[in-house]
Each structure stands twice: as structure tokens, then as C-alpha cells.
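Visitor: Below is the structure I would like to discuss, written out as C-alpha cells.
The values are calculated or read from the model by the stated rules, or taken from the named source; none is laboratory data. Keep in mind the model is a prediction, meaning the values are calculated, not measured. Here the Cβ positions follow ideal geometry from the backbone for every residue, glycine too, while neighbour counts run over all protein chains shown. Side chains included, ligands, DNA and RNA excluded: accessible areas come from the protein's heavy atoms. Shrake-Rupley method; radii C 1.70, N 1.55, O 1.52, S 1.80 Å.
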Amino acid sequence: MHKWVIGKTTDQVFHSALRTPLGRITWAGRHLGLFPPKMRMRYWDTYSAVYVLEGSGRFHDQDGLTIPVGPGDLMLMFPRHGYRYEQERDKPWSEFFIQFRGSIFGLWVKERLLSPQKPVHHIEPLKYWHDRLEAIIKPLHLPEPVQSLKRLSLLQDFFIDAVIMPAAPTTAAEQKWVMAARALIERDMSSAPDWETIARELNLSYHHFRRRFAQLTGVAPAKYRASKTIEHAGTLLKDRDLSLKAVAERCGFCDEFHFRKRFKFLTGLTPVQFRHRLE
């Protein structure tokens, strides 16, 4: 039976008991490389956001909703609304979590900007969104209650960019366009994308293509491509017969050095460390 295996930065967490008229962030931190035990249904009195960095599993709520989750998924939990999430037991699990409460978030729910009916949102690339969350809890060197109010503002900015903006493609035509754009961006992972050609195939200038893609997905085309390149590299790294040089070439990098540097920048692991995690 797996026990909790604590990552070396898991104990570096944020906690605050300071109350403000709008609410507060109560707790935040990281669980890295864990093999967690089975979770029972929780009915907490706070809001929670959990960003999955590694591993795969399923999110469940009291209404019978079941959603597969993996790296890049943001899970939102609501006060007194039961939830649990189960992870694959044979794979390590890493996450960033943040708990919060307050009247300002009640207004978000009332206006359906955040909803228990849509608790999971996929946002990439990992490093960008993880860094955004980390920025919320880092020391701001401001007097209280200004510092706590600033953190609440940063959290709301995060939700605007991560949850509200990507919700833009509501029509079938917009969804079809996004699917076509993503297919073109991912068409050839072995060479750098020709953005002008991709835009032309969608009957747009590159400027208008980039702006529309960002508006409908919440991420710029280049960042989306970068996340997919690293995802492709992770798949290739599972084949131990492939050298790092071969993986770099198949992912369109000019050499192994730049591949290793970019892979670690976006994942926090070197390709070799990533392979060790697969053992």
C-alpha cells in the first residue's frame, strides 16, 4: 500500500489568518511526487483550486459528476459542495493548491463566473500557470491589510485569465475553428511552425490569427505549441531506445542542449529526471 511520499518542497506553504472585508486566502502550497491514499468525499467550508502538475486521475463531486484529470487541469471546489479526486496509484502525483473564502467569491458564483457545474478547466503551459499561482502567495512586502487585498486581486486576475477568457468559444463555428487551428499548430512536431503559412491556411493574417487564437483559448499560439512540443517529448522519452539527441531532433530542436534547457524550463525536470520518474 502506498504511503504519502513527501516532495522536498511540499512543506513550503502559505498560511494566513488575517481577515479582510472581501475575503482571504487561507492556505496554499505544493504536493510534489506523492502517492496519495484514497480520498473520501470532502465537504469543506472554503473554496479550493488545485492545479495538476503531474499524474492522472478523476475528479468526482456530490452530484455524480466524473471528469478525467491530468497535467494542466485546474480543479475548482466550492464550500459545502462535496468533492473528491482519485489518482492513479502507480504514478506520482504533483499539484499546487490554494484555499480561499470570502464574499467577493460568493459574487463570482452568483454571477456564474465560477460554477460547481464546471469544476475542471484545462490551462497550459504548465510553467506559466504554475508561476501565476506561485506569484499569489509569494511575499509582497506590503503593509496589511493591503498585502492580503493584493493577493485577492491577483487570485481574481488569475481566474479571469484562466477560467473566463478560455470560455470564449461558445458557438459551434468558434469551436470548429479552434480545433482546426490546433491541428495545424500540431501538424509537424519535428520542425519549427511556419506561423504565416498556418495563418494563411485559416484565411487570416498572422496578427489576426494570433489574436483570435489567444481570445478563444486563453493562450498565445506559440505558448500552446511549446506545451504540445514538451508533451510530445514526454511521450518520446518513454521509448528508452531513443537517445536524447533523437528526441530533440524529433521535437524540432537544433541540438540536445537547447532541448534539455527548454524541457527543464517548462517542466521543472531534466529529460533524464523525467525518464527516471517513469521507472
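Visitor: Using only Cα atoms, find the angle between the long axis of helix 146-159 and the longest principal axis of the chain, and express it within 0 to 90 degrees, rounded to the nearest 10.
Guide: 50 degrees
Visitor: Please identify the longest segment of the chain free of exposed trypsin sites (Lys or Arg not before Pro), where exposed means a DSSP state other than H, G, I, E or B and no more than 15 other Cβ atoms within 10 Å. It would help to have the intermediate numbers written out before the result.
Guide: Working: sites that count: 3, 8, 19, 38, 40, 80, 89, 112, 187, 238, 240.
Longest run free of exposed loop sites: 113-186.
Visitor: Would you mind working out the accessible area per residue for the chain, using a 1.4 Å probe, and quoting it in Å²?
Guide: I get 54 Å² per residue for the chain.
Visitor: I would also like to ask the following. Can you list the HN-Hα couplings for region 245-255, worked out from phi with the Karplus curve (6.51, -1.76, 1.60; θ = phi - 60°), rounded to whole Hz and with x for Gly and Pro?
Guide: 5, 5, 4, 4, 5, 6, 9, x, 8, 6, 7
Visitor: With only alpha-carbon atoms counted, please give the Rg and Dmax of region 29-79, in Å.
Guide: When restricted to Cα atoms, region 29-79 yields Rg and Dmax of 11.3, 30 Å.
Visitor: Using the beta-carbon distance between residue 277 and residue 58 and R0 = 22 Å, what value does 1/(1 + (r/R0)^6) give for FRET efficiency, to the nearest 0.05? Walk me through the numbers before you get to the answer.
Guide: Working: r = 21 Å, r/R0 = 0.95.
It comes out at approximately 0.60.
Visitor: Rounded to the nearest 10 Å², what accessible area does residue 157 show when all protein chains are kept and the probe is 1.4 Å?
Guide: The value for residue 157 is about 80 Å².
Visitor: Inverting the mean 1/r over all pairs of different Cα atoms, compute the Kirkwood radius of region 217-279 and quote it in Å.
Guide: After inverting the pairwise mean of 1/r, the radius is 11.8 Å.
Visitor: Okay, next question. Taking amide H positions as placed in the peptide plane 1.01 Å from N, state which residues far from residue 33 in sequence (5 or more) or on other chains have amide H under 5 Å from it.
Guide: 93, 94, 95
Visitor: Cα centroids of region 117-137 and region 57-77: how far apart, whole angstrom?
Guide: Here the two parts' Cα centres lie 15 Å apart.
Visitor: If you find the alpha carbon centre of region 200-218 and of region 247-266, how far apart are they in angstrom?
Guide: Result: 26 Å between the Cα centres.
Visitor: Can you work out ³J(HN,Hα) from phi for every residue in region 201-209, in order, using Karplus 6.51 cos²θ - 1.76 cosθ + 1.60 and θ = phi - 60°, giving whole Hz and x for Gly and Pro?
Guide: Once rounded to whole Hz, the list reads 5, 9, 6, 9, 6, 4, 4, 6, 4.
Visitor: Right, another one. Using Stokes-Einstein with the Kirkwood hydrodynamic radius over Cα pairs, what translational diffusion coefficient do you get for the chain at 4 °C and a viscosity of 1.567 mPa s, in µm²/s rounded to a whole number?
Guide: For the chosen part, D equals 63 µm²/s.
Visitor: Rounded to the nearest 0.05, what FRET efficiency do residue 115 and residue 257 give with R0 = 30 Å and r taken as the Cβ-Cβ distance? Could you check?
Guide: On the way: r = 45 Å, r/R0 = 1.51.
Efficiency at R0 = 30 Å is approximately 0.10.
Visitor: If I model a spin label as a point 7 Å beyond the Cα along the Cα-Cβ vector, how far apart are those points for residue 245 and residue 191 in nm?
Guide: It is 2.2 nm.
Visitor: If you rank 60, 258 by how much accessible surface each has, with a 1.4 Å probe, what is the order from largest down?
Guide: 258, 60
Visitor: Now for a separate question. Going Cα to Cα from residue 127, which aspartates and glutamates come in below 14 Å? Please leave out same-chain ones fewer than 8 positions away.
Guide: Reachable aspartates and glutamates: 54, 73, 95, 231.
Visitor: What is the gain in length, in nm to one decimal, between residue 41 and residue 84 on full extension, counting 0.36 nm per residue of separation less the C-alpha to C-alpha distance?
Guide: Values: separation 43, 0.36 × 43 = 15.48 nm, distance 0.49 nm.
That pair, residue 41 and residue 84, stretches by 15.0 nm at full extension.
Visitor: In deg cm²/dmol, rounded to 500, what helix-only [θ] at 222 nm does the chain give when every DSSP H run of at least 4 residues adds -39500 (n - 2.57) and the total is split over its residues?
Guide: Numbers: 10 runs with 110 residues, N = 279.
Only helices count here, giving -12000 deg cm²/dmol.
Visitor: Can you list the lysines whose alpha carbon sits under 24 Å from that of residue 110, skipping same-chain ones fewer than 8 residues off?
Guide: 118, 150
Visitor: Let me check something: with ligands and nucleic acids excluded, how do 129, 177 order by accessible area (1.4 Å probe), largest to smallest?
Guide: Sorted descending by solvent-accessible area, the residues read 177, 129.
Visitor: Per the 1.4 Å probe, what fraction of the accessible area of the chain, in percent, lies on carbon and sulfur atoms?
Guide: 56 percent
Visitor: Further question: Which far-off residues, 5 or more places away or on another chain, put their amide H under 5 Å from the one on residue 69, with H placed in the peptide plane?
Guide: Under 5 Å from the amide H of residue 69: 57, 58, 59.
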